[in-house]
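Heads up, the thing below is written out as structure tokens.
Just so it is clear, none of the values below were taken in a lab; they were calculated from the coordinates. Here the structure is a predicted model, which is why all the values come from computation and not from measurement. Ideal geometry is used to build each Cβ from the backbone, glycine not excepted, and the neighbour counts take in all protein chains shown.
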Amino acid sequence: MHDRALWYPTVTATNASGATTALVGSPRTIADSILDYIDLGADLISIRGYDNYNDAVDYGRHVLPLVREGIREREDAKRKAAA
């Protein structure tokens, strides 16, 4: 799978120490990336920002509503397909 939002130049720069990858892009791009992982079977995704508090606030305001919407759409599609 190609992750549409994974950014990892810091992996090389830090020799993979600490929090070295990031999902970058618009809230929609990041939400779609998270939904891709869910579609692949992930049921736990750990999100941590470089600025923990402000990044958590931004995720809660801008990304998580889109992820929830995407999950609802997928669940609705499954229900319709099963009917």
So for segment 26-82, considering every pair of alpha-carbon atoms, how many percent are separated by more than 17 Å? 41
Please report the relative contact order for segment 26-82, taking Cα pairs under 8 Å with a sequence separation of at least 6, and give it as a percent rounded to a whole number. 49
V57 paired with R79, simple spin-label distance in nm, labels 7 Å along Cα-to-beta-carbon: 3.5
